[in-house]
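The values are calculated or read from the model by the stated rules, or taken from the named source; none is laboratory data. Computed from a predicted model, the values in this text were never measured in an experiment. Heads up, the Cβs are rebuilt from the backbone with ideal geometry, glycines too, and the neighbour counts pull from every protein chain shown. We work out accessible area using only protein heavy atoms, side chains counted, and drop any ligands, DNA or RNA first. Shrake-Rupley method; radii C 1.70, N 1.55, O 1.52, S 1.80 Å.
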Amino acid sequence: MVKTLLPFLALYRRHWFLLSLGIVLAIITILSSISLLTISGWFLAGSALAGLAGILTFNYMLPAAGVRGSAIVRTAGRYAERVVSHDATFRVLAHLRVFTFKKLLPLSPGGIARFRQSELLNRLVADVETLDHLYLRLISPLISAIVVIVVVTFGLSLLDLSLALTLGGIMLFLAFALPAIFYRAGKPIGADLTALRSDYRGQLTSWLQGQAELVIFGALPAFRAKLDDIEKRWLFRQKQQASLAGSSQSLIIFSSGLTFTLILWLAANGIGGDSHPGALIALFVFVSLAAFEALGPVAGAFQHLGHVMASAKRVNQLIEQRPEVTFPEGKTTGSLQASLSLENVNFSYDNQPFPALNGIGLHISAGEHIALLGRTGCGKSTLLQLLTRAWDPQQGIIKLNNIPLPDYDETTLREMTVVVSQRVHIFSSTLRDNMLLAAPDASDSQLEEVLTKVGLSVLLEQDGLNAWIGDGGRQISGGEQRRIGVARALLHKAPLILLDEPTEGLDADTEGQILRLLKQHCQHKTVVLVTHRLTGLERMNRIYVMDAGRIIEQGTHQELLSLQGQYFRFHQR
Ligand code: ATP
Ligand code: MG
């Protein structure tokens, strides 16, 4: 348990002052609340007895001042305690969120793809938030309760040792027994609450995102039923947790009543050797009543521990991941030219039986244009991704300008390469922002020019670069996405250009236009073009034909045709 919570407890060190101040204030508040009830009880009883006995010299000034003082300290203390402890908790949470997010950032696509998107968001938002119970509901109440019990027992022992130990003993027992009982009872519920909350959000997200598909296939009702079922189970668990909270409170009230009666009975027999305890009875009885205030939150709190633990485990799974790819610090010198060489490169995805790339070797001189050709799934996109260090090969070496890729710092590597990937991502944002990510310094007129070149002037028609595209805005067709990808590539000046089927889904005219544009733009650059299509391959310096992760043929268009192998057969078809 401690191991799970340790990373989060360690975060508390940064804000130890505020967090300890919160606990001190909580203790002061409970103690003043106890003294308020005790002094007033004793004062009333004392005055009554004084009246009965006809004593006229009863000092009422001091207790009256004590009552007022305690009341003021209690109110101010409670307020200050809430402000301080919540402030501290939110600071810790803010830090934890940034900490978790920073751990996510360097993860490779593989590291992130292990979690569904809704799952990631859920862990980052809901699970992190649940962790605020740890201090507010668990640590602070438990420490305060124990300190209060010790102080009260010590204070009472000055009057009567055995009575003080009896009350202290009962409370201490409850302070440990109740958490244990309710932790046990609440653990399965808490774990389920965490899991169901995540399931529910995941299912809801799929339901929203997959509306179109679900409607077309008439699968909406069945999917909805699943969602409702999860919701029902989640609500049921929440209800169970609420009843558990209710039982813990009734148990505390019941124990409080029993203890109160017991102390009354014991105190009636005399206090501190005086068999006529007088007003001190009221003092003891009221202490026992008031001190239970410290126990209230403790019993209830520990049923949340299961919930907290489950969330902590899930956040740990995120932050314990090590990035598969790390970049060195410092600055490598970039270049305006790019040559590439791969030697015996092998790569397999996790949990895939067959290697995606198997003994790939190739050399591309600066300024050469080469094409990668092959059946679907033969590893073309994987090869491009290795060139961007989305993953590193398990064997073999990739060099850019004769320097191994892992020696490049991230900024230099990104400056030297530009990619049009197979799936171009469109951000839900303005057209301008979608373009600026490729070239943050580009002017509006440059952006408009590039968009016009790739044939997307239609997107500019209504709101110009301010047009909102992607989710929540104008939907972008597949072909338009591609061309936005190409436009981004044209903006990002880099000597190495990796194109993953840049003209897929475009009609022949547009395809020709884009290919001409790319050719003109890439004249002095190094180009790796992945394609299914055979148009324009005559102009390539070399063509590599891949099959099942290997290069099976290479050469110019003419050479490969005369080889009468796979390339020739592609052509014939
Ligand atoms: P296509 O022409 O369809 O784009 P491709 O040649 O680009 O195909 P890759 O995407 O490189 O093929 O995939 C090569 C193999 O690796 C395929 O069998 C694919 O299923 C598998 N693969 C691709 N990406 C992953 C991944 N992230 N995790 C596991 N396996 C993957
Ligand atoms: Mg591909």
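Of everything in region 515-528 that's among the hydrophobic types (A, V, I, L, M, F, W, C) and not in a loop (DSSP other than H, G, I, E, B), which residue is farthest from residue 493 (Cα to Cα)? Here the residue is 515. Residues in region 380-416 that are in contact (Cβ under 8 Å) with a residue 24 or more places away in the chain, of a type in the set (A, V, I, L, M, F, W, C) and away from ligand 2 (no atom under 16 Å from the Cβ): 6 in all. Scanning region 496-522 for residues that are open to solvent by 20 Å² or more (accessible area, probe 1.4 Å) and closer than 21 Å to residue 415 by Cβ turns up just one, 521. All of (1) modelled with pLDDT of 90 or more; (2) farther than 24 Å from residue 488 by Cβ hold for residue 350 with one exception: (1). Would you point out the residue of region 465-495, among those that are charged (D, E, K, R) and in contact (Cβ under 8 Å) with a residue 24 or more places away in the chain, that is most open to solvent (accessible area, probe 1.4 Å)? By that ranking, first place goes to 493. Of all residues in region 338-379, those satisfying the criterion of being surrounded by fewer than 20 Cβ atoms within 10 Å (Cβ to Cβ), hydrophobic (A, V, I, L, M, F, W, C) and outside any strand (DSSP E or B) are 354, 366.
Annotation: of all residues in region 291-327 being assigned to a loop (DSSP other than H, G, I, E, B) and of a type in the set (Asp, Glu), the one that is nearest to residue 31 (Cα to Cα) is 320.
Residues of region 537-557 that are of a type in the set (Gly, Ala, Ser) and surrounded by fewer than 16 Cβ atoms within 10 Å (Cβ to Cβ): 548 alone. Taken as a whole, region 112-128 holds at least one residue that is farther than 30 Å from residue 31 by Cα and within 16 Å of ligand 2 (Cβ to nearest atom). Residue 85 meets all of the listed conditions (1) under 30 Å from residue 318 (Cβ atoms); (2) modelled with pLDDT under 90 but one, namely (2).
Listed here are the residues, each with its yes/no results for (1) at pLDDT 85 or above; (2) on the phi < 0 side of the Ramachandran plot.
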site	(1), (2)
522	yes, yes
536	no, no
549	yes, no
555	yes, no
559	yes, yes
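Does region 87-108 contain at least one residue that is in a loop (DSSP other than H, G, I, E, B), open to solvent by 90 Å² or more (accessible area, probe 1.4 Å) and aliphatic (A, V, I, L, M)? Yes, region 87-108 contains a residue that is in a loop (DSSP other than H, G, I, E, B), open to solvent by 90 Å² or more (accessible area, probe 1.4 Å) and aliphatic (A, V, I, L, M).
The numbered conditions (1) farther than 28 Å from residue 428 by Cα; (2) in contact (Cβ under 8 Å) with a residue 24 or more places away in the chain; (3) assigned to a strand (DSSP E or B) are all true for residue 498 except (1).
Yes/no matrix, rows are residues, columns are (1) under 18 Å from residue 1 (Cα atoms); (2) at pLDDT 90 or above; (3) surrounded by 20 or more Cβ atoms within 10 Å (Cβ to Cβ):
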position: 151; (1), (2), (3): no, yes, no
position: 159; (1), (2), (3): no, no, no
position: 167; (1), (2), (3): no, yes, yes
position: 171; (1), (2), (3): no, yes, yes
position: 184; (1), (2), (3): yes, no, no
position: 191; (1), (2), (3): yes, no, no
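Would you call residue 288 in a helix (DSSP H, G or I), away from ligand 1 (no atom under 16 Å from the Cβ) and not aromatic (Phe, Trp, Tyr)? Yes, satisfied.
Applying the criterion of being open to solvent by 60 Å² or more (accessible area, probe 1.4 Å) and farther than 20 Å from residue 521 by Cβ to the residues of region 407-421, the residue that is farthest from the chain's Cα centre (by Cα) is 407. Taken together, 263, 281 contain a single residue that is in contact with a Leu (Cβ under 8 Å, 6 or more places away or on another chain), within 23 Å of residue 176 (Cα to Cα) and surrounded by fewer than 23 Cβ atoms within 10 Å (Cβ to Cβ), which is 263.
Name the single residue that is farthest from ligand 1 (Cβ to nearest atom) among those in region 342-378 being under 25 Å from residue 533 (Cβ atoms) and among the β-branched types (Val, Ile, Thr). Across region 342-378, the extreme among qualifying residues is 364.
In summary, residue 531 fulfils each of the numbered conditions (1) within 13 Å of ligand 1 (Cβ to nearest atom); (2) out of contact with any strand residue (DSSP E or B) (no Cβ under 7 Å at 6 or more places or on another chain) with the single exception of condition (2).
Can you name every residue in region 523-536 that is over 41 Å from the mean Cα position of the chain (by Cα), under 21 Å from residue 508 (Cα atoms) and open to solvent by 40 Å² or more (accessible area, probe 1.4 Å)? Scanning region 523-536 gives 533, 534, 535.
Among the residues making up region 379-406, those that are more than 23 Å from residue 522 (Cβ to Cβ) and more than 9 Å from ligand 1 (Cβ to nearest atom) are 392, 393, 394, 395, 396, 397, 404, 406.
When residue 438 is tested against the conditions (1) of a type in the set (A, V, I, L, M); (2) over 26 Å from residue 552 (Cβ atoms); (3) open to solvent by 20 Å² or more (accessible area, probe 1.4 Å), the lone failure is (3). Yes or no: region 212-232 includes at least one residue that is basic (Lys, Arg) and surrounded by 15 or more Cβ atoms within 10 Å (Cβ to Cβ). No; the residues of region 212-232 include none that is basic (Lys, Arg) and surrounded by 15 or more Cβ atoms within 10 Å (Cβ to Cβ). Take the residues of region 529-557 that are outside any strand (DSSP E or B), more than 17 Å from residue 363 (Cβ to Cβ) and among the hydrophobic types (A, V, I, L, M, F, W, C): which is nearest to ligand 2 (Cβ to nearest atom)? Across region 529-557, the extreme among qualifying residues is 548.
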